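Asks: To start, I am sharing the structure in question, which I have written as structure tokens.
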Amino acid sequence: QAQLVESGGGLVQPGGSLRLSCAASGRVFSISTMGWYRQAIGKQRELVAGITSAGSTNYADAVKGRFTISRDNAKNTVYLQMNSLKPEDTAVYYCNSRLLAAGRITYADYWGQGTRVTVSA
């Protein structure tokens, strides 16, 4: 059974930084894309950033130039470095990975449990 475990959320002042981590654990055979989504209260979940196994990245317009996604394939881990945080970045952040778990024949989407990020003075 594969699972995603997130860490790194918390409370930060506007203009501050946080780094989120998400590790895929369990019986993981191969990982394709990895990414971060967020959901603020009363809003739909939205893509924040994604990264392919080759390292190609994409970002939501709202975070371009402030957030950086990266991954360590050897550790099955994806990171989200968040700088210049704004109150509107407040949300629960979810890790997503399309991966092939051992014993399965197709890739599937897995989600982390979510980590809360609050940007407030």
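Asks: State the answer as a single residue: which of Val119, Ser56, Thr106 lies farthest towards the positive end of the charge dipole of the stretch 41-121, with beta carbon charges of +1 for Lys and Arg and -1 for Asp and Glu, about the Cα centre.
Replies: Of Val119, Ser56, Thr106, it is Thr106.
Asks: Moving on to the next point. Heavy atoms of the protein only, probe of 1.4 Å, neighbouring chains included. What is the accessible area of Lys75 in Å², nearest 10?
Replies: Accessible surface of Lys75 is approximately 130 Å².
Asks: Just for the chain, what percent of DSSP beta bridges are antiparallel, to the closest 5?
Replies: Numbers: 42 of 45 bridges.
In the chain, DSSP labels about 95 percent of beta bridges as antiparallel.
Asks: Over all alpha-carbon pairs of the stretch 20-121, lay out the pair-distance distribution in 10 Å bins, whole %, shortest bin first.
Replies: Distribution as computed: 15, 48, 28, 8, 1 percent.
Asks: Name the most mobile residue of Thr33, Thr68, Thr106, meaning the one with the largest mean-square fluctuation, in a Gaussian network model of the chain with Cα contacts below 10 Å.
Replies: Thr106
Asks: In the neighborhood of Ala60, defined by Cβ-to-Cβ distances under 14 Å, what is the net charge if each Lys or Arg adds +1 and each Asp or Glu adds -1? Don't skip to the answer; put the middle values down first.
Replies: Working: positive: Arg38, Lys43, Arg45, Lys64, Arg66, Lys86; negative: Glu46, Asp61, Glu88, Asp89.
Cβ neighbours under 14 Å give a net charge of +2.
The values are calculated or read from the model by the stated rules, or taken from the named source; none is laboratory data. Everything numeric here is computed off the predicted structure, so don't read it as measured data. Backbone-built Cβ (ideal geometry, glycine too); neighbour counts: all protein chains shown. With ligands, DNA and RNA removed, areas are computed over all heavy atoms of the protein, side chains included. Shrake-Rupley method; radii C 1.70, N 1.55, O 1.52, S 1.80 Å.
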